[in-house]
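First up is the structure itself, then whatever we jot down about it.
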Amino acid sequence: MTAHASLFPSEAEISQILVERIDRQQQGVGMVIGTFGPAGRQVVAHGRFGAFHTRPVDGDTVFEIGSITKVFTTLLLGEMVGRGEVALDDPLARYLPASVTVPTRAGRQITLTDLATHTSGLPRLPDNFAPDDDENPYADYTVEQMYDFLSAYQLPRDIGDHYEYSNLGMGLLGHALARAAGMEFATLLHQRVLAPLRMTSTAIDATPEMQARLALGHDADLMPVANWDLPTLAGAGALKSTVDDLFKLIEMVLEGRPSQLARALETTLSIRRPTDDSGPETALGWLVSGDGDNQAILHDGGTGGYRSFLAIMPAKRIGVVGLSNTATEIGVNDICAHILDRDNPLLPAPRKRVVARIDPNLHDRYVGIYRLAPSFEIAITRDAEGLFAQATGQGRHEIFPENDRQFFLKIVDAQISFDIGPDGRATALTLHQNGRNTLGPRV
């Protein structure tokens, strides 16, 4: 048995997992898994560039990596701190135009650390985020809209008091760093982070050569979807990359050779704040799970047609990365977690749900806003085509009927059931997700 095999499942075992996930469970079109350890690198791939393509995916295939971008944004923050260009406790307002009013609370300003740890008090997405195209939702959100939102927003809680994952906050961090350096975020990230790591297949704006290696994205029904553009909130999730290129980030973390980026990494891991009572901690950009030899730094990501996962266990000197060109509920996260620790179970495929035919006139009785928590609501809307749900700070997604009171989402493994009052209108809904049933009365 090789040293590599003793740390990870064998290549044949990983390949069989991918065959099961893609060919039998129909939970992907193409997946690439990379493992990194003392014995070197291993890439296992299965599937294709697209539902109607024959080209196989491999370690050089380009995928959207979504929110894994956030660890690169915070590495950039650490690099600029090391140069003395910014400081972690600098207020965000210092790097925005004087015409923008950044919200404060209890005499405290939002700092760059607050943005990097998702503890700024800002929501996941701004309330003026209303995309014209739900298949490319960030494309038309402008800097002016972001500034307008900030100037009008009132923070619901004290800054630094509570973790709330925020694409807006991390996008703002990237925007602020670019303004501090006086250049475009994509250029700055390339010069300061990607080029030093020799990540030639990682970029926000893919070169024609990278574009030729870009796998098509697919939705949960395995149908092709559009790529995402994030011009304003690029720091939150705009990068594309490959497994082979992401190995270079893992290598930098595990090798620890003295460099500007190694010091930047130390900065990103130097601050920890809780996410909740039982979950992992947040560092700057990274999530930190476990302790001792079993501690892992990690992040996952997702866009309209892709899923990604990256985890590194520094004490064991191992890492794993998984990329998929399909936005299914189960994809690469549980596979990578299982590869790192066989005690982490592989997830079963979601139950196949069948769309029922119901009278479209019934849709009106569900339309409304339902409050599941003080700061979390689900808005149910309709159009001529169907019924839609939009949770606080998230996109608008169609819900499909199983019967006249129970609906399901295709984009995630979640269901919604409605309670109907004597007047025939819904009085509450229950969100069924992750084993929890959360009641939300109609507002």
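The values are calculated or read from the model by the stated rules, or taken from the named source; none is laboratory data. All values reported here derive from a predicted model rather than from experimental measurement. Methodologically, a virtual Cβ is constructed for each residue, glycine included, from the backbone with ideal geometry; neighbour enumeration extends over all protein chains shown. Accessible surface areas use protein heavy atoms only, side chains included; no ligands, DNA or RNA. Shrake-Rupley method; radii C 1.70, N 1.55, O 1.52, S 1.80 Å.
Pick from region 47-71 the residues that are closer than 25 Å to Gly237 by Cβ and assigned to a strand (DSSP E or B): which of them is most open to solvent (accessible area, probe 1.4 Å)?
The initial filter retains those residues of region 47-71 that are closer than 25 Å to Gly237 by Cβ, namely 47-51, 53, 57-71.
Adding the requirement that they be assigned to a strand (DSSP E or B) leaves 47-48, 62-64.
Values: Gly47: 16, Arg48: 92, Val62: 1, Phe63: 1, Glu64: 9 Å².
Here the residue is Arg48.
For Leu88, the criteria (1) more than 25 Å from Ala262 (Cα to Cα); (2) in contact with a helix residue (DSSP H, G or I) (Cβ under 6 Å, 6 or more places away or on another chain) hold in every case but one, which is (1).
Can you tell me which residue in region 286-325 is surrounded by the most Cβ atoms within 10 Å (Cβ to Cβ), limited to those that are part of a strand (DSSP E or B) and free of Cβ contacts under 8 Å to residues at least 24 places away in the same chain? Top of the filtered list is Leu298.
Going by what's in this entry, would Arg83 be described as under 22 Å from Arg273 (Cβ atoms) and charged (D, E, K, R)? Write out each step before concluding.
Values: under 22 Å from Arg273 (Cβ atoms): no; charged (D, E, K, R): yes.
No, not satisfied.
With a requirement of 1 or more residues that are within 20 Å of the chain's Cα centre (by Cα) and among the basic types (Lys, Arg), the strands (runs of 3 or more DSSP E) lying completely within region 334-443 that satisfy it span 396-401.
Condition first: within 30 Å of Phe408 (Cβ to Cβ), open to solvent by less than 10 Å² (accessible area, probe 1.4 Å) and within 16 Å of the chain's Cα centre (by Cα). Can you find one or more residues in region 240-254 that meet it? Taking every residue of region 240-254 in turn, none turns out to be within 30 Å of Phe408 (Cβ to Cβ), open to solvent by less than 10 Å² (accessible area, probe 1.4 Å) and within 16 Å of the chain's Cα centre (by Cα). Applying a threshold of 6 Å to beta carbon distances and a minimum spacing of six or more residues, or different chains, the list of pairs starting in region 27-48 at a residue that is closer than 12 Å to Ile250 by Cβ and ending at one that is among the aliphatic types (A, V, I, L, M) reads Gly34/Val43; Gly34/Val243; Gly34/Val321; Thr35/Val320; Phe36/Ile250; Gly37/Leu7; Gly37/Ile318.
The residues on offer are Val71, Val62, Val19, and the sole one that is under 25 Å from the mean Cα position of the chain (by Cα) and free of Cβ contacts under 8 Å to residues at least 40 places away in the same chain is Val19.
Which of the following residues is at pLDDT 95 or above and under 30 Å from Gly421 (Cβ atoms): Gly301, Gly285, Gly368?
Working: Gly301 fails: under 30 Å from Gly421 (Cβ atoms); Gly285 fails: under 30 Å from Gly421 (Cβ atoms).
Exactly one of Gly301, Gly285, Gly368 is at pLDDT 95 or above and under 30 Å from Gly421 (Cβ atoms), namely Gly368.
Among the candidates Tyr147, Tyr141, Tyr153, the residue that is at pLDDT 95 or above and open to solvent by 40 Å² or more (accessible area, probe 1.4 Å) is uniquely Tyr153. Scanning region 176-209 for residues that are outside any loop (DSSP other than H, G, I, E, B) and in contact with a Lys or Arg (Cβ under 7 Å, 6 or more places away or on another chain) gives a single hit, Ala203.
Taking the criterion of being more than 30 Å from Gly174 (Cα to Cα), assigned to a strand (DSSP E or B) and of a type in the set (S, T, N, Q), would at least one residue in region 36-45 satisfy it? Show your work before the answer.
Going through region 36-45, the residues more than 30 Å from Gly174 (Cα to Cα) turn out to be 37-45.
So of that shortlist, the ones also assigned to a strand (DSSP E or B) come out as 37, 40-45.
Filter once more, keeping what is of a type in the set (S, T, N, Q): 42.
Yes, the conditions are met somewhere in region 36-45.
Given the criteria at pLDDT 95 or above, small (Gly, Ala, Ser), crowded, with 20+ Cβ neighbours inside 10 Å and at negative phi, does Ala234 qualify? Here the answer is yes, as Ala234 does meet what is asked.
In region 108-128 there is at least one residue that is open to solvent by 60 Å² or more (accessible area, probe 1.4 Å) and either part of a loop (DSSP other than H, G, I, E, B) or closer than 30 Å to Ala215 by Cα (or both). So, of the residues in region 326-353 that are open to solvent by 50 Å² or more (accessible area, probe 1.4 Å) and among the hydrophobic types (A, V, I, L, M, F, W, C), which turns out to be modelled with the highest pLDDT? By that ranking, first place goes to Leu346. Of Gly169, Gly121, Gly160, all but one fail to be of a type outside the set (A, V, I, L, M), farther than 23 Å from Ala391 by Cβ and in contact (Cβ under 8 Å) with a residue 40 or more places away in the chain; the exception is Gly160.
Residues being assigned to a loop (DSSP other than H, G, I, E, B) and farther than 30 Å from Gln27 by Cβ: count how many of those fall in region 162-175. Result for region 162-175: 1. Scanning region 255-285 for residues that are open to solvent by 40 Å² or more (accessible area, probe 1.4 Å), assigned to a loop (DSSP other than H, G, I, E, B) and either among the small types (Gly, Ala, Ser) or within 19 Å of Val320 (Cα to Cα) (or both) yields a total of 5.
Of the residues Gly182, Gly169, which is surrounded by fewer than 20 Cβ atoms within 10 Å (Cβ to Cβ) and either within 30 Å of Leu155 (Cα to Cα) or touching a Phe, Trp or Tyr at 6+ places or on another chain (Cβ under 6 Å) (or both)? Among Gly182, Gly169, only Gly182 is surrounded by fewer than 20 Cβ atoms within 10 Å (Cβ to Cβ) and either within 30 Å of Leu155 (Cα to Cα) or touching a Phe, Trp or Tyr at 6+ places or on another chain (Cβ under 6 Å) (or both). The set of residues from region 211-235 being part of a loop (DSSP other than H, G, I, E, B) and either of a type in the set (Val, Ile, Thr) or more than 19 Å from the chain's Cα centre (by Cα) (or both) comprises Ala212, Arg213, Asp221, Leu222, Met223, Thr232.
Residues of region 374-397 that are under 19 Å from Asn434 (Cα atoms) and open to solvent by 40 Å² or more (accessible area, probe 1.4 Å): Phe376, Glu377, Gln390, Thr392, Gln394, His397.
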